[in-house]
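Participant: Pasting a structure below so you can have a look.
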C-alpha cells in the first residue's frame with residue numbers, strides 16, 4: 001500500500017523526476033523537510049484517492065492533518081477505509 005500511495009503521488013502530482021525510493025514514507029508531505037506539497041497538491045491527491053480507493057477525504061474529515069501527515073499515515077487511512 002505504501003508503494004501504491006507513493007506511485008499515486010508521483011503520477012498524479014506530476015513528480016516525474018522522483019522515484020518511489022526517493023520518498024520517505026514517514027517524512028511530512030507538506031513541509032520543506034519532506035515533499036513540500038501545497039494545498040493544491042492536497043486537493044489533487046484527495047481526488048486521486050477518491051477515484052482509486054473510493055475514499056473521500058475533504059475538509060470535513062476528522063484528523064485531516066494526521067491523515068495527510070505522511071505517506072505512511074495516508075496508507076494506514078486507506079487500509080482502514082477503502083471500499
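Participant: Taking the options 16, 25, 7, name whichever one is on the phi < 0 side of the Ramachandran plot and modelled with pLDDT under 95. Write out each step before concluding.
Facilitator: Numbers: 25 fails: modelled with pLDDT under 95; 7 fails: modelled with pLDDT under 95.
Checking each option against the conditions leaves just 16.
Participant: In segment 62-82, how many are in contact with a helix residue (DSSP H, G or I) (Cβ under 7 Å, 6 or more places away or on another chain), part of a loop (DSSP other than H, G, I, E, B) and either at pLDDT 95 or above or over 21 Å from residue 21 (Cα atoms) (or both)?
Facilitator: Looking only at segment 62-82, we keep the residues that are in contact with a helix residue (DSSP H, G or I) (Cβ under 7 Å, 6 or more places away or on another chain), and these are 66-68, 71-75, 77-78, 82.
Those left that are additionally part of a loop (DSSP other than H, G, I, E, B): 68, 82.
Then keep just the ones that are either at pLDDT 95 or above or over 21 Å from residue 21 (Cα atoms) (or both); that gives 82.
The total comes to 1.
Participant: Would you confirm, using the coordinates I've provided, whether residue 67 is under 10 Å from the mean Cα position of the chain (by Cα), free of Cβ contacts under 8 Å to residues at least 24 places away in the same chain and surrounded by 18 or more Cβ atoms within 10 Å (Cβ to Cβ)?
Facilitator: Values: under 10 Å from the mean Cα position of the chain (by Cα): yes; free of Cβ contacts under 8 Å to residues at least 24 places away in the same chain: yes; surrounded by 18 or more Cβ atoms within 10 Å (Cβ to Cβ): yes.
Judged against the criteria, residue 67 is a match.
Participant: Given (1) touching a helix residue (DSSP H, G or I) at 6+ places or on another chain (Cβ under 7 Å); (2) within 18 Å of residue 80 (Cα to Cα); (3) at pLDDT 95 or above, where does residue 58 come up short, assuming only one miss?
Facilitator: It fails just one condition, (3).
Participant: Touching a residue at least 40 places away in the same chain (Cβ under 8 Å) and either surrounded by 18 or more Cβ atoms within 10 Å (Cβ to Cβ) or in contact with a strand residue (DSSP E or B) (Cβ under 9 Å, 6 or more places away or on another chain) (or both) - does that describe any residue in segment 14-31?
Facilitator: Looking for residues that are touching a residue at least 40 places away in the same chain (Cβ under 8 Å) and either surrounded by 18 or more Cβ atoms within 10 Å (Cβ to Cβ) or in contact with a strand residue (DSSP E or B) (Cβ under 9 Å, 6 or more places away or on another chain) (or both), one finds at least one in segment 14-31, hence yes.
Participant: Taking segment 38-60, which residues are surrounded by 16 or more Cβ atoms within 10 Å (Cβ to Cβ) and outside any helix (DSSP H, G or I)?
Facilitator: If the condition is that a residue be surrounded by 16 or more Cβ atoms within 10 Å (Cβ to Cβ) and outside any helix (DSSP H, G or I), then 55, 57 are the ones that fit.
The values are calculated or read from the model by the stated rules, or taken from the named source; none is laboratory data. Treat the numbers as computed from the prediction; the structure is a model and nothing was measured. Heads up, the Cβs are rebuilt from the backbone with ideal geometry, glycines too, and the neighbour counts pull from every protein chain shown.
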